[in-house]
1. Name every residue in the stretch 99-129 that is open to solvent by 40 Å² or more (accessible area, probe 1.4 Å) and farther than 13 Å from A78 by Cα, in order of residue number.
2. Have a look at V45, V66, V125 and point out the one that is part of a loop (DSSP other than H, G, I, E, B) and hydrophobic (A, V, I, L, M, F, W, C).
3. Do the conditions hold for E31, that is, is it in a helix (DSSP H, G or I), among the acidic types (D, E), in contact (Cβ under 8 Å) with a residue 12 or more places away in the chain and surrounded by 13 or more Cβ atoms within 10 Å (Cβ to Cβ)?
4. Quick check: anything in the stretch 84-91 assigned to a strand (DSSP E or B), in contact (Cβ under 8 Å) with a residue 12 or more places away in the chain and open to solvent by less than 80 Å² (accessible area, probe 1.4 Å)?
5. Answer yes or no: is there a residue in the stretch 73-83 that is open to solvent by 70 Å² or more (accessible area, probe 1.4 Å) and without any contact (Cβ under 8 Å) to a residue 40 or more places away in the chain.
6. Looking only at the stretch 19-28, count every residue that is of a type outside the set (A, V, I, L, M), open to solvent by less than 40 Å² (accessible area, probe 1.4 Å) and in contact (Cβ under 8 Å) with a residue 24 or more places away in the chain and tell me the total.
7. State the number of residues belonging to the stretch 93-113 that are hydrophobic (A, V, I, L, M, F, W, C) and not in a loop (DSSP other than H, G, I, E, B).
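The values are calculated or read from the model by the stated rules, or taken from the named source; none is laboratory data. Just so it is clear, the structure is predicted and the values come from calculations on it, not from any experiment. Cβ atoms come from the backbone with ideal geometry, glycine included; neighbour counts cover every protein chain shown. Ligands, DNA and RNA are stripped out before the accessible areas are found, and what is left, the full protein with its side chains, is counted by its heavy atoms. Shrake-Rupley method; radii C 1.70, N 1.55, O 1.52, S 1.80 Å.
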Amino acid sequence: MANCMMIHEMIRVFDLERSLKFYDEALGLKENRRVDKPEGKFTLVYLTDGKSHFELELTYNYDPEVPYEIGTGYGHLAVLVKGIEEIREEHINAGYEVGPLKSLYEDGSEKYYFITDPDGYKIEVIERN
């Protein structure tokens with residue numbers, strides 16, 4: 001299938017409101033649409049950056065008893081930003097779990113760091129020169 005287009009990534013969240021607040025405040029992702037399925041006891045919330053067609057789907061199963069285990073197969077999501085040093089400082093000042101600023105290359109280009117969401121998912125924040 002050579003003509004596919006990426007449309008969303010799904011993650012399960014323990015506290016939907018806490019996750020919505022994090023993704024809005026930390027990354028500027030806004031709710032694009034919501035599907036409530038009370039008969040199936042779940043809600044799907046699709047977040048978007050307003051620039052691409054790609055969405056992050058937050059799946060909330062009603063009344064989870066314990067937080068989800070992420071497992072060893074999950075890697076990370078990635079977002080592209082401008083002004084990475086300032087954004088990282090904002091994340092630190094907001095009290096988020098933020099990793100060190102690094103670079104993929106010896107010349108210092110393609111800087112990145114990781115931030116962790118309320119459920120423990122890693123998000124790579126990248127700036128490309």
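1. Scanning the stretch 99-129 gives P100, L101, K102, S103, L104, Y105, E106, D107, P118, N129.
2. V66
3. No; evaluated as a whole, the condition is false for this residue.
4. no
5. So far as the stretch 73-83 goes, yes, one or more of its residues are open to solvent by 70 Å² or more (accessible area, probe 1.4 Å) and without any contact (Cβ under 8 Å) to a residue 40 or more places away in the chain.
6. So the count comes out to 3.
7. 1
Table: residues versus (1) at pLDDT below 95; (2) over 14 Å from the mean Cα position of the chain (by Cα); (3) of a type in the set (G, A, S).
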| position | (1), (2), (3) |
| --- | --- |
| T43 | no, yes, no |
| S52 | yes, yes, yes |
| L58 | no, no, no |
| D63 | yes, yes, no |
| G108 | yes, yes, yes |
| E127 | yes, yes, no |
